[in-house]
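The values are calculated or read from the model by the stated rules, or taken from the named source; none is laboratory data. Here the structure is a predicted model, which means the values were calculated and not measured. All Cβ positions, even for glycine, are placed from backbone atoms using ideal geometry, and neighbour counts span all protein chains on display. Ligands, DNA and RNA are excluded from the accessible area calculation, which covers all protein heavy atoms including side chains. Shrake-Rupley method; radii C 1.70, N 1.55, O 1.52, S 1.80 Å.
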Amino acid sequence: MAVTTMDPESARTSQPQGSLGKSGGSLLSVRGLGAALTPRGKHYACGSIAAFTNIMVTFPIQKVLFRQQLHGVRAREAVGQLQRDGMRNLYRGLLPPLLQKTTTVAIMFGLYEDFSHVLLDQLSTGSGIPELVTRSFAAALAGTAEAALMPFERVQTLLQDHRHHGRFHNTAHTFRTLLSEYGVKECYRGLVPVLIRNGPSNMLFFGLRGPIKEQLPEASSRAGHLVNDFVCGGVLGAALGIMFYPLNVVKSRAQSQVGGAFRPCGEVLMTVWRERGGSVAMLFRGAHLNYHRSLLSWGIINATYELLLKVF
């Protein structure tokens, strides 16, 4: 049986496209944009738009989750903290994840497709290397490349942490302060857990996306494909979110520090472990909310991405 686990683009083109109905000017403009994009460039554009849609919907949930990861409090207490901060601060810190996610998800999908094409051309032809291995390597490379944009994640952490509200005013001010007072290196505090997370999670996401969708009821309409893509992306995102949750806890703790020594990833993990009484349940405090947020986020991203590929 041919290996199709990585859901190559050829698998998409064979799906029923269905009718978009009588479209207005907005659809024509979207198609016009699609016509202006190169065949590979559309993967970057679709990934970026999908990430934008997701961030605008799920940002308040992410703030609650962040407070739980950082302080180990219950969801009710985290929500209470946000209520005390006021509505004017609810979307404080939005710009960094908006810039980061729209770029990193574009890189995730776009570079995965680009690396896959290059590696399949260079390695698979007559080399005997299975396509699954080649595409897994492409996914890992794309995940590693995403880490270059980690400073946005760093700034988001500082802006969401109420202990830094008085010091950092906005995205630009936070970047200026970090760069002028501490240097570029400070922007990459917490890089190790991000690298450990990104490569393997990308491999699993792209590797399992196809097989999971194949197990769902066959869709015969555009709405059916949209639902299947949402379920497929959501299930994968939720599972990977739980799997790599301790790494996100370590990242949040490391990035909440400004200045001082850079502590090893293992040392930060043990500090959190001791502070939370050596309890696995406390280490995973907030994981249930992360599960639901990831289910929604990656459902939106995957469904929007696949829909836009068809529209473009």
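Per-residue accessible area (protein heavy atoms, 1.4 Å probe) orders Ser220, Ser252 as Ser220, Ser252, starting from the largest. Given a 1.4 Å probe and every protein chain left where it sits, what share in percent of the accessible area of the range 76-183 is carbon and sulfur? Ligands and nucleic acids excluded, carbon and sulfur give 60 percent. Residue by residue, the range 150-157 carries 3J(HN,Hα) couplings of 4, x, 5, 5, 4, 5, 4, 4 Hz when phi is fed to the Karplus relation 6.51 cos²θ - 1.76 cosθ + 1.60 (θ = phi - 60°); x denotes Gly or Pro.
Remark on His169: its backbone amide H falls under 5 Å from those of Thr174, a criterion applied only to residues 5 or more positions apart or on other chains, H modelled at 1.01 Å from N. Taking the Cα centre of the range 39-311 as reference, the dipole from Cβ charges on Lys and Arg (+1) and Asp and Glu (-1) amounts to some 1020 debye. When nucleic acids and ligands are ignored and a 1.4 Å probe is applied, Trp298 ends up with an accessible area of around 50 Å². Across the range 197-203, coupling constants 3J(HN,Hα) worked out from phi with the 6.51/-1.76/1.60 Karplus curve, θ = phi - 60°, read 6, 5, x, x, 5, 5, 4 Hz, and Gly and Pro carry x.
The solvent-accessible area of Val73, taken with every protein chain present and a 1.4 Å probe, is close to 30 Å².
Counting only protein chain heavy atoms and rolling a 1.4 Å probe, the accessible areas of Val250, Val280 rank, largest first, as Val280, Val250.
Annotation: per residue accessible area for the chain equals 46 Å², rounded to a whole number [probe 1.4 Å, protein chains only]. Using a probe of 1.4 Å, the accessible surface attributed to Met56 totals some 80 Å² when neighbouring protein chains are kept in position. Taken one residue at a time, the phi angles of the range 58-67 give Karplus couplings (6.51, -1.76, 1.60, θ = phi - 60°) of 9, 4, x, 5, 4, 5, 4, 4, 4, 4 Hz. Gly and Pro are set to x.
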